[in-house]
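Engineer: One structure coming up, written as structure tokens, with questions to follow.
The values are calculated or read from the model by the stated rules, or taken from the named source; none is laboratory data. All values reported here derive from a predicted model rather than from experimental measurement. Note that each Cβ is placed from the backbone with ideal geometry, even for glycine, and that neighbours are counted across all protein chains shown. With ligands, DNA and RNA removed, areas are computed over all heavy atoms of the protein, side chains included. Shrake-Rupley method; radii C 1.70, N 1.55, O 1.52, S 1.80 Å.
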Amino acid sequence: MMKASEKLSVWVTGATSGIGLALTQILSRQGYQVFISARNEKKLKQITTDVNNTIAIPFDIMREQDISTVKQHILRYTETLHQVFVNAGSCEYLNIDTPDWSMVKRITDINLIGAVNTVAVALPFLQKQVLKNQELHNQAAVINTQPQIIGISSLATLVPFSKAQAYGASKAGLNYFLQSLRMDLRAQNISVTTVLPGFVKTPLTDKNTFAMPFIMDAQVAAQRIVEGVRSQPRVFAFPKRLVWILCLFKVFPGMWEKLMSPTLKKSIQEQE
Ligand SMILES: NC(=O)c1ccc[n+]([C@@H]2O[C@H](COP(=O)([O-])OP(=O)(O)OC[C@H]3O[C@@H](n4cnc5c(N)ncnc54)[C@H](OP(=O)(O)O)[C@@H]3O)[C@@H](O)[C@H]2O)c1
């Protein structure tokens, strides 16, 4: 039986870089046992050396066939998870002049199906945490907040962005998946929060050549996420300045489209 003094376990996917790495460092400092996943085993191993309280669970989230192996791997250390940060993701842009349509499937497999596979691994551990919390509550030992699934989506889902067909659609699908999941897990006392970050400086955005207003450091973003999800909101979106601007344009979609569409002149120049 878990004692009130025992460490709570959390799982972060995409923990070898950017937001996931920063989340891992913060959660470790807060005293959690952090399970960390990504594909690159060498990087994972290095992080377990550099960051206290971390255990590497290599997982390519696209591989549904590995779900049971990953569950067994986590079970070697714990039966319960307090939180899962469904964070691993990728972004590629569509060039409409030479479209690589298969890229849309690739990005959807990572950002949407990968999130589904992650939840499939995590759910039994979160359910077990609910039972443990109930036991502790009955003993008046401790009252924990509900176990929680935290999905990292994007502010890009508020309005359409040029060239972002794959990324935007995969993240919009993720929003629906998470928000619908929240309804069905409510009765089980498991909460689900959809996080919509704006631009964060990471290897994912380092390749962008366009302006990224209000871009923030990964450590700052991860701290905002950890604090923002604490009250278990349905959606946590930040930075607020960008949220308000995008929400305004959501009400005037024609104006947004006019402002943000590549011009005909530009598109012809790019082809030359
Ligand atoms: N940066 C931003 O401005 C921004 C804004 C909004 C939302 N987000 C979202 O935040 C999340 C993290 O983004 P980031 O900017 O921190 O990106 P990042 O620095 O590129 O990190 C991506 C992480 O995901 C892992 N990953 C990628 N494909 C994977 C797969 N198939 N299986 C398992 N792990 C995989 C990578 O590790 P391996 O390559 O070793 O697998 C890496 O640890 C993403 O979901 C992204 O869409 C980012």
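Engineer: If you line up the long axis of helix 165-185 against the longest principal axis of the chain, both from Cα atoms, how many degrees apart are they, to the nearest 10?
Structural biologist: The helix 165-185 is inclined about 30 degrees to the chain.
Engineer: Round to a whole number: what % of the accessible area of region 9-271 belongs to carbon and sulfur, probe 1.4 Å? Walk me through the numbers on the way to the answer.
Structural biologist: Numbers: 7660 of 13600 Å².
Within region 9-271, the accessible surface is 56 percent carbon and sulfur.
Engineer: By its C-alpha gyration tensor, with a ≥ b ≥ c as the square roots of the eigenvalues, how is the chain shaped: rounded for a/c under 1.5, else prolate for a/b larger than b/c, else oblate? Numbers along the way, then the final one.
Structural biologist: Numbers: a/c = 2.07, a/b = 1.76, b/c = 1.18.
The shape class here is prolate.
Engineer: Give me the angle, in degrees from 0 to 90, between the Cα long axis of helix 114-138 and the longest principal axis of the Cα atoms of the chain, rounded to the nearest 10.
Structural biologist: 30 degrees
Engineer: Using the Karplus curve 6.51 cos²θ - 1.76 cosθ + 1.60 with θ = phi - 60°, what ³J(HN,Hα) values do you get for each residue of region 43-57, in whole Hz, with x for Gly and Pro?
Structural biologist: 5, 4, 4, 4, 5, 5, 7, 7, 10, 4, 6, 10, 10, 7, 10
Engineer: Ok, one more. Hey, how many Å between the Cα centroid of region 149-176 and the Cα centroid of region 222-245?
Structural biologist: Centre-to-centre (Cα) distance: 16 Å.
Engineer: So what's the angle, to the nearest 10 degrees on a 0 to 90 scale, between helix 240-251 and the longest Cα principal axis of the chain?
Structural biologist: Value to nearest ten degrees: 60.
Engineer: Another question, then. Considering the zone a paramagnetic label at GLU79 would reach in this model (a point 7 Å from Cα along the Cα-to-Cβ line), which residues of region 109-134 have amide N under 17 Å from it?
Structural biologist: Answer for region 109-134: 122-134.
Engineer: Which pairs break 27 Å Cα to Cα here: LYS42/LYS128; LYS45/LYS171; LYS42/LYS132; LYS132/LYS201; LYS45/LYS71?
Structural biologist: With Cα atoms farther than 27 Å apart: LYS42/LYS128; LYS45/LYS171; LYS42/LYS132; LYS132/LYS201.
Engineer: State the Cα centre-to-centre distance between region 82-102 and region 5-19 in whole Å.
Structural biologist: 22 Å
Engineer: In whole Hz and in residue order, list the ³J(HN,Hα) couplings for region 11-21 that follow from phi through the Karplus curve 6.51 cos²θ - 1.76 cosθ + 1.60, θ = phi - 60°; x for Gly and Pro.
Structural biologist: Whole-Hz 3J(HN,Hα) from phi for region 11-21: 10, 10, 9, x, 8, 8, 7, x, 5, x, 5.
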